[in-house]
Amino acid sequence: MPRSVGTSGTLGRPAPSRAWPLVLLLALILSAGCHRSPPLVERQFFAMGTLVTVSVYGTPQARAERAIARSERLFDRLDRRWHAWHPSALTRMDAALAAGRSIPIPPDLARLVREAGRLSRLSDGLFDPALGQLLALWGFEGDDLPARPPPAASIQQLLARHPSMSDLVLEEGRIRSRNPAVRLDFGAYAKGVAVDRAIDLLRSLGIRNAIVNAGGDLRAIGRHGARAWRIGIRNPDGPGVIAWLEVEGDQAVFTSGDYERYFSWHGKRYHHILDPRTGYPARGSRSVTVLAKHGGLADAAATALFVAGPDGWYPIARALGIHYVMLVDDHGRVHMNPRMARRIHFPAGRTPEVKLSPAL
Ligand code: AMP
Ligand code: MG
């Protein structure tokens with residue numbers, strides 16, 4: 001028969017002091033169980049025309065959620081400042097440049113213009129955010145997709161005016177353009193910079209392990225617990241992934257693909273990445289994935305190498321200082337540098353034909 005502590009004279013005084021540590025220990029274990037945060041906190045929001053997923057590992061849930069909410073507000077703010085066709089600080093600046101006026105430039109836009117100008121030069125002008133008028137002519141500056149290509153003559157007229165980042169003059173806190181055909185559109189670059197800014201914000205809030213993923217373009221820091229972060233690279237030819245890789249420490253993984261925005265006209269597909277040399281959608285690539293230290297660089301480089309295509313990507317990657325490239329060409333062949341090849345895994349039984357370049 002069980003004896004209850006305290007009613008038995010034989011157990012007497014020492015009994016409660018032996019039981020208390022046990023009760024306390026049990027309470028501690030229980031409370032740890034109730035309040036333990038899930039190791040991975042993941043939230044999504046819509047910004048910059050895409051679904052953004054922020055994943056935080058190993059931070060207490062409430063703190064992770066507060067940090068993610070702040071990164072959402074940051075994306076919203078940047079979207080409203082840098083949007084290429086909704087009224088923004090950028091569209092106000094574009095209107096002044098088109099009118100030939102010199103205007104004060106806010107510091108965030110000055111940084112974008114300076115850095116994008118440098119990357120444009122290094123890419124031999126294949127990445128050129130001064131092409132806003134060409135994008136608008138194609139109908140890619142809009143919430144809906146265009147229905148048909150513009151007349152060839154209109155494309156040629158615009159190309160003959162040679163809009164380029166090198167037309168911009170930045171001095172004493174002001175900007176002007178020597179060429180009124182310049183209109184800035186940072187669609188190939190702003191998302192990368194926003195991802196970098198969000199990572200800086202998370203770090204400043206004490207978060208060490210996270211991914212900021214804007215529609216498949218991401219930067220990862222730290223690890224996913226005991227293992228590295230695993231990143232899938234979308235198959236440009238259909239659902240699922242064409243490959244995956246592991247990222248730890250701090251690295252951006254950006255992909256430019258012809259499947260992101262496109263329309264068909266008379267059985268031909270027209271996508272949103274334009275070749276500044278021809279004025280038409282770039283040919284030869286289906287997708288290009290680039291790894292780099294920063295999202296801004298990776299974003300600009302993925303677009304530039306997509307335009308350069310399977311025969312031209314290598315020297316441009318060198319000039320941009322990129323060390324990891326994977327390009328899928330329009331025959332489904334994969335072009336990579338050896339260092340990238342060592343990082344890339346293909347799903348079992350689905351290894352494509354691979355063409356290795358010299359080292360980068
Ligand atoms: P991404 O997905 O980063 O390659 O960016 C594609 C977007 O960049 C397009 O929707 C356009 O807004 C813009 N864009 C297209 N072609 C170019 C180009 N050659 N240089 C710079 N921006 C471009
Ligand atoms: Mg890009």
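Taking a ≥ b ≥ c as the square roots of the Cα gyration tensor eigenvalues, with a/c under 1.5 meaning rounded and otherwise prolate when a/b beats b/c, else oblate, which class fits region 118-165?
Here region 118-165 falls in the oblate category.
Pull out the extension gain between residue 95 and residue 318, defined as 0.36 nm times the separation in residues minus the alpha carbon to alpha carbon distance; nm, one decimal.
Extending this stretch completely gives an extra 76.7 nm.
Kirkwood Rh and Cα-based Rg: tell me the resulting Rg over Rh for the chain, rounded to two decimals.
Reported Rg/Rh (Cα atoms, Kirkwood Rh): 1.16.
With charges set only on the Cβ (+1 for Lys and Arg, -1 for Asp and Glu), what does the dipole of the chain come to about its Cα centre, in debye to the nearest 20?
Computed charge dipole of the chain: roughly 1160 debye.
How high is the relative contact order of the chain, in percent, with contacts defined as C-alpha pairs under 8 Å that are six or more residues apart?
About 14 percent, as a whole number.
With the dipole of the chain worked out from charges on the C-beta (+1 for Lys and Arg, -1 for Asp and Glu) around the Cα centre, which of 295, 38, 349 lies farthest toward the positive end?
Final value for the positive-end residue is 38.
Just how much of residue 76 is accessible, in Å², when a 1.4 Å probe is used and the result is rounded to the nearest 10?
Looks like 60 Å² after rounding.
Might you work out the accessible area of residue 207 for me, using a 1.4 Å probe with all protein chains in place, and round it to the nearest 10 Å²?
0 Å²
What does the C-alpha gyration tensor say about the overall shape of region 138-243? Classify as rounded when a/c is under 1.5, otherwise prolate if a/b is larger than b/c, or oblate.
Here region 138-243 falls in the oblate category.
Taking the simple approach of a point 7 Å from Cα along Cα-to-Cβ for both residue 339 and residue 261, what is their distance in nm?
3.2 nm
Round to a whole angstrom and tell me the spacing of the C-alpha centers of region 195-221 and region 258-280.
Region 195-221 and region 258-280 have Cα centres separated by 31 Å.
Taking the chain as the reference, fit the longest principal axis to its C-alpha atoms, fit the long axis of helix 61-82 to the helix C-alpha atoms, and give the angle between the two in degrees, 0 to 90, nearest 10.
Rounded to the nearest ten degrees, it is 10.
Quote the accessible area belonging to residue 171 in square angstrom, nearest 10, computed with a 1.4 Å probe and with ligands, DNA and RNA left uncounted.
100 Å²
Calculate what fraction, in whole %, of the accessible area of the chain sits on carbon and sulfur atoms when a 1.4 Å probe is rolled over the protein chains.
The value for the chain is 54 percent carbon and sulfur by accessible area.
In region 328-360, what trypsin sites (Lys or Arg not before Pro) fall in a loop by DSSP, with at most 14 other Cβ atoms inside 10 Å?
333, 350
Between rounded, prolate and oblate, where does region 45-163 land on the alpha carbon gyration tensor, with a ≥ b ≥ c its root eigenvalues, rounded for a/c under 1.5, else prolate if a/b exceeds b/c?
Note, shape of region 45-163 comes out prolate.
The values are calculated or read from the model by the stated rules, or taken from the named source; none is laboratory data. Since the model is a prediction, treat every value here as computed from it, not as a measurement. Counting neighbours? That spans all protein chains shown, and the Cβs are built from the backbone with ideal geometry, glycine included. Just so you know, the surface numbers come from the protein's heavy atoms only, side chains and all, with ligands and any DNA or RNA stripped out. Shrake-Rupley method; radii C 1.70, N 1.55, O 1.52, S 1.80 Å.
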